[in-house]
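Asks: Structure in structure tokens, see below.
Nothing in this text is a laboratory measurement; each read-out follows from the coordinates by a stated rule. Small disclaimer: the values here were computed from a predicted structure and weren't measured. Cβ coordinates were reconstructed from backbone atoms using ideal geometry, including for glycine residues, and neighbour counts include every protein chain displayed.
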Amino acid sequence: MKRMLTLLLALTALAALCACGEKTVAGFTADSDPGLLVVADPDGTRTAFHLTEDTEFFLPGELAREDMLAGRCPDAALTVTRGRRNGSFTNAAEGWTCKAYDAETVSVRIVDTGKTTALSDGTALGIWQGFGEMVYMLPGHRELLTVQDCSGPDNTMVSGVDKTLSDAAWEKIRAYYDEQGLLYDERSQLESAYAAWQADPQGYLSRRLGQTISPAMSNESIIFFITTVTQPLEDGTVTEDQLGAAFDRATGEPIPPEALFTCGAEALAEAALAQADVGDEVLLAEMRAAFRPEYVLLLPEHLSLSFPAGSLPSQPGGYVLGLNYAGHEDLTDLLQPWARPDAPS
């Protein structure tokens with residue numbers, strides 16, 4: 001009896017989960033009238049939703065609750081959680097009817113801004129905007145490339161990293177990263193994405209592009225930031241290339257990467273790669289040839305060697321080696337005393 005009760009409870013929970021999944025409709029705006037929203041799913045099936053004061057909205061900055069209730073919803077990618085069945089909706093002008101429900105929640109991911117851009121062959125792409133991202137859209141709601149908003153250095157936080165700096169120091173750090181700019185070519189990536197879509201429209205997966213600047217380590221003397229660049233690879237995956245930079249905490253002045261160490265770049269590369277025990281002689285030779293001091297990333301518990309995509313001929317994407325400070329004291333000794341994570345803070 002106990003086993004049967006357990007089985008019944010499990011089946012009940014499964015049914016509840018299935019019912020919950022059926023309540024969610026995801027797709028694009030098919031119609032929008034005051035108090036009503038129609039969503040078409042990827043198969044083209046339309047569902048109408050009544051919007052009320054009880055409907056919860058999760059909207060990007062381009063839309064307001066009042067817009068949605070007044071029927072001013074542009075073409076958007078959205079998800080709606082349906083409540084009770086509430087009649088049907090007929091679009092007399094287009095000659096179709098669909099089921100209608102009360103809307104419990106409406107979550108809008110991206111919205112068509114009405115703006116466009118042209119590729120080199122004249123193809124027009126729609127520009128859509130969402131929470132911290134912009135999407136280049138092909139006709140037929142095919143997402144081509146998503147570009148994440150660049151963040152940092154001062155609007156990001158990492159646990160355990162002290163970002164308390166003077167205004168003058170922050171001004172210097174921001175100026176450094178303003179000069180660094182974006183480390184990817186958006187237009188080139190857009191053209192490459194379009195070429196990949198043309199080669200395989202059905203199998204194409206939307207690509208992503210972005211850049212963030214985050215603090216990674218701090219002590220009494222320095223603060224260390226890492227720039228992470230997310231770029232797509234030809235196989236549909238992404239690579240995350242990382243580049244480090246250290247700054248004087250008191251002044252915000254950038255510290256040359258080689259100044260963080262007690263030896264030159266060649267000796268540093270040899271020591272670090274010896275500790276990493278790469279094993280593959282071809283890869284090891286490529287790493288020696290490609291090594292630059294700015295590829296060394298200082299983190300609280302370990303040191304990383306981050307080789308960006310394209311720097312190692314045998315690797316399609318970026319390559320990262322991590323070395324814990326514990327157990328590699330001879331490598332840690334190559335850091336200037338004031339640059340070590342365990343320096344007084």
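Asks: Which of the listed residues, 218, 265, 278, is farthest toward the dipole's positive end in region 201-284, when Lys, Arg count +1 and Asp, Glu count -1 at the beta-carbon?
Replies: 218
Asks: Still on this structure, please answer the following. How much length would be gained if the chain were fully extended between residue 84 and residue 66, taking 0.36 nm per residue of separation minus their Cα-Cα distance, in nm to one decimal? Provide the component values of the computation, followed by the final result.
Replies: Values: separation 18, 0.36 × 18 = 6.48 nm, distance 2.28 nm.
Net length gain for the segment: 4.2 nm.
Asks: Explain nothing, just the number: dipole magnitude of region 242-345 about its Cα centre with +1 on each Lys and Arg Cβ and -1 on each Asp and Glu Cβ, in debye rounded to the nearest 20.
Replies: Working: 4 positive and 15 negative charges, 59 e Å.
That gives region 242-345 a dipole magnitude of about 280 debye.
Asks: Using a basic spin-label model with each label point 7 Å from the Cα along Cα→Cβ, how many nm lie between residue 115 and residue 33?
Replies: Label-label distance for residue 115 and residue 33, simple model: 3.3 nm.
Asks: With +1 on each Lys and Arg Cβ and -1 on each Asp and Glu Cβ, and nothing else charged, work out how big the dipole of the chain is about its Cα centre, in Debye to the nearest 20.
Replies: 1520 debye
Asks: Using a Gaussian network model of the chain with C-alpha springs under 10 Å, which one of 150, 73, 98 is most mobile by mean-square fluctuation?
Replies: Looking only at 150, 73, 98, the biggest GNM fluctuation is shown by 98.
Asks: Can you pull out the trypsin sites (Lys or Arg not before Pro) in region 38-85 whose DSSP state is coil and whose Cβ has at most 16 other Cβ atoms within 10 Å?
Replies: Numbers: sites: 46, 65, 72, 82, 84, 85; in loops: 72.
Passing sites in region 38-85 are 72.
Asks: Be a star and scan region 112-156 for residues whose amide nitrogen sits under 19 Å from the point 7 Å along the Cα-to-Cβ vector of residue 91.
Replies: Residues passing the 19 Å test: 112-114, 139-142.
Asks: Same structure again: Please give the residues of region 201-223, grouped as numeric ranges, whose backbone N is less than 20 Å from a label point set 7 Å along the Cα-to-Cβ vector of residue 182.
Replies: What the label zone holds, given the 20 Å backbone N cut-off, is 206-214.
Asks: So, one more: Can you report the principal axis dimensions of the chain using only the alpha carbons, biggest first, rounded to whole angstrom?
Replies: Each principal axis gives a Cα extent; for the chain these are 77, 69, 47 Å.
Asks: Residue 142 to residue 320: extension gain in nm, 0.36 nm per residue of separation minus the Cα-Cα distance?
Replies: Values: separation 178, 0.36 × 178 = 64.08 nm, distance 3.32 nm.
Full extension of this stretch gives 60.8 nm more.
Asks: Stretch residue 332-residue 45 to full length: gain in nm at 0.36 nm per residue minus the Cα-Cα span? Intermediate results must be reported in sequence, preceding the final value.
Replies: Working: separation 287, 0.36 × 287 = 103.32 nm, distance 6.10 nm.
Stretched out fully, the residue 332 to residue 45 stretch lengthens by 97.2 nm.
Asks: Right, another one. Run lengths n ≥ 4 of DSSP H only: what is the helix-derived mean residue ellipticity at 222 nm for the chain, with -39500 (n - 2.57) per run over all residues, to the nearest 500?
Replies: Dividing the helical sum by the residues of the chain leaves -7000 deg cm²/dmol.
Asks: Starting from the Kirkwood Rh over alpha-carbon pairs, what translational D in µm² s⁻¹ does region 225-309 have by Stokes-Einstein at 25 °C and 0.890 mPa s? Don't skip to the end; give the middle numbers.
Replies: On the way: Rh = 14.3 Å.
Rounded to a whole number, D works out at 171 µm²/s.
Asks: For region 107-151, compute Rh as the Kirkwood radius over C-alpha pairs and then the Stokes-Einstein diffusion coefficient at 4 °C and 1.567 mPa s; write the answer in µm²/s, rounded to an integer.
Replies: It diffuses with D of about 119 µm²/s by this estimate.
Asks: For the peptides 317-329, 204-216, what is the packing order when you average, over each peptide's residues, the other Cβ atoms within 10 Å and list the highest mean first?
Replies: Values: 317-329: 15.2, 204-216: 19.8.
So the peptides 317-329, 204-216, ranked by packing, come out 204-216, 317-329.
Asks: Along Cα→Cβ, 7 Å out, is where each label goes; now give me the distance between the ones at residue 301 and residue 198 in nm to one decimal.
Replies: 4.8 nm
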